[in-house]
Amino acid sequence: LNHIENKANSYRYDQTWTAVNEGGFSGLIPAGAGGIVSTTQDMSLFIQALFDGSLISPKSLDQMLPKDEWYGLGFMKTEIDENQVAYGHTGGYIASESSLFYSPSDRLSIAYATNGIVIRKEEILDNVLKICHDQPFGISIDRKIQVTIIIAIAILIFLVLRMINR
């Protein structure tokens, strides 16, 4: 891999971690991928500000949200359960992935970003939502990496709960 100062390398796991060359983000990447650098905390603060009216008016936000369909003007709709929905978007490039969703009914934001893929982000996020809503959860993974994943999920839950209590 080419050394680029302050660049975090991405990895895939298949019995061992393998570095994945995602390039230098030179403008050949489609759309805005790689064009924004932020933390999961930045992402969470951003979506909370959108939904609390700090960035745009409630009327403008309502125009962005999907109605009956699953996609609106920049927002996807996902069902948490039969009574709750969350709005957000996902992103990714080769071995880096991110997701940002907000549930207006319980003012819960979930931000996720990784440069090391072992478990699909959808499975991780689904389990985080289950934990936040007191539902049973579980992830089946290789025992060799189980402790690392459990620690990562615990940190994610801690950050989510910290944001909720603000």
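The values are calculated or read from the model by the stated rules, or taken from the named source; none is laboratory data. On a predicted model such as this, the values are computed, not experimentally measured, just so you know. Counting neighbours? That spans all protein chains shown, and the Cβs are built from the backbone with ideal geometry, glycine included. Just so you know, the surface numbers come from the protein's heavy atoms only, side chains and all, with ligands and any DNA or RNA stripped out. Shrake-Rupley method; radii C 1.70, N 1.55, O 1.52, S 1.80 Å.
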Open item on the list: Taking the criterion of being at pLDDT below 90, open to solvent by 50 Å² or more (accessible area, probe 1.4 Å) and closer than 30 Å to ASN21 by Cβ, would at least one residue in the stretch 59-75 satisfy it?
Closed with: no
TODO: Of the numbered conditions (1) in a loop (DSSP other than H, G, I, E, B); (2) modelled with pLDDT of 60 or more; (3) over 29 Å from SER103 (Cα atoms), ASN2 fails exactly one; give the number of that condition.
DONE: (2)
Task: Cβ pairs under 9 Å, 6+ apart, first in the stretch 1-25 and aromatic (Phe, Trp, Tyr), second modelled with pLDDT under 65 and loosely packed, with under 11 Cβ neighbours inside 10 Å - done: PHE25/GLY35
Open item on the list: Please determine whether any residue of the stretch 143-153 is buried (at least 17 other Cβ atoms within 10 Å of the Cβ), within 16 Å of the chain's Cα centre (by Cα) and either farther than 30 Å from THR16 by Cβ or at pLDDT 80 or above (or both).
Closed with: no
